[in-house]
1. Would you confirm whether or not the stretch 63-74 contains a residue that is in the same structural domain as Ala134 (by TED's automatic domain parsing), assigned to a loop (DSSP other than H, G, I, E, B) and closer than 21 Å to His10 by Cβ?
2. Could you list, in sequence order, the residues of the stretch 176-201 that are surrounded by fewer than 22 Cβ atoms within 10 Å (Cβ to Cβ) and in a helix (DSSP H, G or I)?
3. Considering only residues that are outside any helix (DSSP H, G or I), modelled with pLDDT of 85 or more and either of a type in the set (Gly, Ala, Ser) or under 24 Å from Ser199 (Cα atoms) (or both), which ones fall in the stretch 233-278?
4. Confirm whether Ala214 is surrounded by 17 or more Cβ atoms within 10 Å (Cβ to Cβ) and not in a loop (DSSP other than H, G, I, E, B).
5. Is it the case that some residue within the stretch 154-164 is among the polar types (S, T, N, Q) and in contact (Cβ under 8 Å) with a residue 12 or more places away in the chain?
6. Would the stretch 27-45 turn up any residue that is in contact with a Leu (Cβ under 6 Å, 6 or more places away or on another chain) and free of Cβ contacts under 8 Å to residues at least 60 places away in the same chain?
7. Assess whether Lys89 counts as being surrounded by fewer than 20 Cβ atoms within 10 Å (Cβ to Cβ), assigned by TED's automatic domain parsing to the domain that holds Glu151, of a type outside the set (Gly, Ala, Ser) and in contact with a Leu (Cβ under 7 Å, 6 or more places away or on another chain).
8. Being outside any loop (DSSP other than H, G, I, E, B), in the same structural domain as Ser135 (by TED's automatic domain parsing) and over 28 Å from Glu175 (Cβ atoms): is that true of Lys6 here?
Amino acid sequence: MYRIAKTLNHNSFIGVEEESNQEYLVMGKGIAFGKKAGQCMQPDGDARVYSLTEITERGNAKNIVKEVSPVSLELASAVLDQAEKEFGKIDRSIVFPMADHLDFAIRRIQNGEQISNPLTDDIRVMFYKEYKVASCIQELLWGRLQIRIDEHEVGYLALHVHSAIEEEKVSQAMEVARAVRESISLVEHITGYTIDVMSLSYNRMMNHIRYMVARAVHGEKLKVNINEYMLVKFPDAFQAAKQICEEMEKRLMLPMEEIEIGYLAMHMERIMDREEGE
């Protein structure tokens, strides 16, 4: 049972759970219609209930709820409904940073401002299923506010969806995408060739860097060191890989094991050799 502390709109209210005395965001179609502060109610099974004790990358959940539009919260929750259908169990607390991002995006669009996300193509490939789920925001936003949202904004939302299904912060997912892009760009610079994001070479590099970051996050270490071999045999690829690892370490603020350089160099050499041979 929840005692209503504040109604946000017809579809949401902040309520205090009687047993725990903790505050929650309660959402559901028409759930707060005609309701007033102080009334008690038991949400039905279709309602979404979110704890306001969550601390997110974008701040305290309670503060986010105060600052963003209730519509942004509803839209974020609807995107997570789609994610749940696609992936099963997810971390729904991501609703708060996602709503915060959406709120800014809506205001940008209403003010005629546009953002450019240079990693959109990479995100679309790297997080294909997440991007597909996040794309539902286009129809939801048009139906609710008659606003059109572009692929760059969908790309950012896809990172939030990814964060809801993996133990990875949005900022970390963004850095993985950036590391892949920088690795590919470096290879393109060395070879003079453009690498298609849909190519096998790109996908191999992408997957390797994703697992490399996952190992850094979880403190895992590769067992066989091939650094000396790669440095002697393929010095250009090794130096390029070393540069990428050093940049990733700074940006992710995670220790990147030296042993990783050789394996990344191996992938970079494969691409460089293939591109130069064409």
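1. Pass one, the stretch 63-74, residues in the same structural domain as Ala134 (by TED's automatic domain parsing): 63-74.
Filter again for assigned to a loop (DSSP other than H, G, I, E, B), leaving 68-69.
Now drop any that are not closer than 21 Å to His10 by Cβ, which leaves 68-69.
Yes, because at least one residue in the stretch 63-74 is in the same structural domain as Ala134 (by TED's automatic domain parsing), assigned to a loop (DSSP other than H, G, I, E, B) and closer than 21 Å to His10 by Cβ.
2. Going through the stretch 176-201, the residues surrounded by fewer than 22 Cβ atoms within 10 Å (Cβ to Cβ) turn out to be 178, 181-182, 185-186, 188-201.
Correct list: Arg178, Arg181, Glu182, Ser185, Leu186, Glu188, His189, Ile190, Thr191, Leu200, Ser201.
3. Quick first cut of the stretch 233-278, residues outside any helix (DSSP H, G or I) only: 234, 253-259, 278.
Checking the rest, the ones that are also modelled with pLDDT of 85 or more come to 234, 255-259.
Listed by number, the list holds a single entry, Phe234.
4. Working: surrounded by 17 or more Cβ atoms within 10 Å (Cβ to Cβ): no; not in a loop (DSSP other than H, G, I, E, B): yes.
In short, no.
5. Here is the first cut: in the stretch 154-164, the ones among the polar types (S, T, N, Q) are 163.
Going one step further and asking which of them are in contact (Cβ under 8 Å) with a residue 12 or more places away in the chain, we end up with 163.
The answer is yes, given that some residue of the stretch 154-164 is among the polar types (S, T, N, Q) and in contact (Cβ under 8 Å) with a residue 12 or more places away in the chain.
6. Quick first cut of the stretch 27-45, residues in contact with a Leu (Cβ under 6 Å, 6 or more places away or on another chain) only: none.
No, that holds for no residue.
7. On the way: surrounded by fewer than 20 Cβ atoms within 10 Å (Cβ to Cβ): yes; assigned by TED's automatic domain parsing to the domain that holds Glu151: yes; of a type outside the set (Gly, Ala, Ser): yes; in contact with a Leu (Cβ under 7 Å, 6 or more places away or on another chain): no.
In short, no.
8. When the stated conditions are applied, Lys6 does not pass them.
The values are calculated or read from the model by the stated rules, or taken from the named source; none is laboratory data. Note that this is a predicted model, so its numbers are computed, not measured. Backbone-built Cβ (ideal geometry, glycine too); neighbour counts: all protein chains shown.
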